[in-house]
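Participant: Below is a structure I'd like to ask you about.
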Amino acid sequence: MRLVITAMLCVAALALSACGHEDAASYLIDGPRYSLSLLREKPYLWSSGWDLALVTTHMPDCLRRNKLDHAEDADFKIDLYRTFNAGYILRHENNWYVTETQKCQLQQFKSPPPAPGNLLGSFEEKDGRLQFVSAADETATSARPRSAR
């Protein structure tokens, strides 16, 4: 009996150690029914980098999860731009994507767009978790005198 309990505890410990990490952050366009959410997942503790997905939501018309290219751990940051024709562009390192919210579609650019639009902010890791940091917040923070920080 003792051997069975020990074996069960070992299996449980192995199962728990295989758990990875996941988190998400959202840019709310018009509340939670109209938003862009970035999901990142590390399937196992020993996984290198992140599996990424973008969830485009325009309820009740559409809700779609689209896979993005894998991201490394170091300096995790994905910029979000609003185009002049009401689309959204994401940039992660050399990868550029465009999404539109009417049909919740995503497409990867073959080359960087000449003018991505207005920078809205970035999905980045702060205090150990994924957050959307508004460009307006970043500008306000960098404009403050050093003593006020």
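Participant: Can you confirm whether region 128-145 contains a residue that is at pLDDT 85 or above and at positive phi?
Facilitator: Among the residues of region 128-145, not one is at pLDDT 85 or above and at positive phi, which makes the answer no.
Participant: In addition: Looking at (1) over 15 Å from residue 97 (Cβ atoms); (2) out of contact with any Asp or Glu (no Cβ under 7 Å at 6 or more places or on another chain); (3) assigned to a strand (DSSP E or B), which is the only condition residue 22 fails?
Facilitator: All conditions are met except number (2).
The values are calculated or read from the model by the stated rules, or taken from the named source; none is laboratory data. Just so it is clear, the model here is predicted, and its values are computed rather than measured. Neighbour counts are summed over all protein chains in view; Cβ atoms, including those assigned to glycine, are modelled from backbone coordinates with ideal geometry.
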